[in-house]
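What follows is one structure encoded as structure tokens, with my remarks underneath.
The values are calculated or read from the model by the stated rules, or taken from the named source; none is laboratory data. Every value quoted in this text rests on a predicted model; they were computed, and no experiment measured them. When we count neighbours, we look across all protein chains shown, and the Cβ atoms used for this are built from the backbone with ideal geometry, even at glycine. For accessibility, only protein heavy atoms count, side chains too; no ligands or nucleic acids. Shrake-Rupley method; radii C 1.70, N 1.55, O 1.52, S 1.80 Å.
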Amino acid sequence: MKVGDMVRLSAYGEARNYNGNVDRPDNYYGLVMKITKNSAYPYVVKWYNQSSGSTRRQNHIRRELMYARV
């Protein structure tokens, strides 16, 4: 996974309480904005809500993400 990839939450990511603010994962797509080395949660993702148009940033581990199918 690299900067610029479009992602969604994986099944593991959806099951974690940490990601509860991505309330309806089927409405959200994310864009990997930055990958920080030596960080517990290195992937900085900007999430876009399709229905409301809102955005938010959140950090993740690789296991919580999967490539989005467009």
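Could you give every pair whose Cβ atoms fall below 9 Å, whose first residue belongs to region 38-50 and is of a type in the set (A, V, I, L, M, F, W, C), and whose second residue is part of a loop (DSSP other than H, G, I, E, B) and surrounded by 15 or more Cβ atoms within 10 Å (Cβ to Cβ), counting only separations of at least 6 or pairs across chains?
Ala40/Ile61; Trp47/Val22
Can you confirm whether Asn27 is under 13 Å from Glu64 (Cβ atoms), polar (S, T, N, Q) and either open to solvent by less than 80 Å² (accessible area, probe 1.4 Å) or in contact with a Phe, Trp or Tyr (Cβ under 7 Å, 6 or more places away or on another chain) (or both)?
Here the answer is no, as Asn27 does not meet what is asked.
Within region 1-18, restricting attention to residues that are among the hydrophobic types (A, V, I, L, M, F, W, C) and under 13 Å from Met66 (Cα atoms), which residue is surrounded by the fewest Cβ atoms within 10 Å (Cβ to Cβ)?
In this case the residue turns out to be Ala11.
Exactly one condition in (1) closer than 12 Å to Arg8 by Cβ; (2) within 12 Å of the chain's Cα centre (by Cα) is not met by Arg56; state its number.
With (1) closer than 12 Å to Arg8 by Cβ; (2) within 12 Å of the chain's Cα centre (by Cα) applied to Arg56, the lone miss is (1).
Conditions first: (1) modelled with pLDDT of 95 or more; (2) under 10 Å from the mean Cα position of the chain (by Cα). Lys34 passes all but one, so which condition is the exception?
(2)
Mind listing just one residue for me: the one in region 43-57 that is in a strand (DSSP E or B) and either more than 18 Å from Lys2 (Cβ to Cβ) or touching an Asp or Glu at 6+ places or on another chain (Cβ under 6 Å) (or both) and, of those, least open to solvent (accessible area, probe 1.4 Å)?
Ranking the candidates gives Asn49 first.
Just checking, which of Asn38, Asn21 is open to solvent by 60 Å² or more (accessible area, probe 1.4 Å) and either in contact with a strand residue (DSSP E or B) (Cβ under 8 Å, 6 or more places away or on another chain) or of a type in the set (Phe, Trp, Tyr) (or both)?
Testing whether each residue is open to solvent by 60 Å² or more (accessible area, probe 1.4 Å) and either in contact with a strand residue (DSSP E or B) (Cβ under 8 Å, 6 or more places away or on another chain) or of a type in the set (Phe, Trp, Tyr) (or both) leaves just Asn21.
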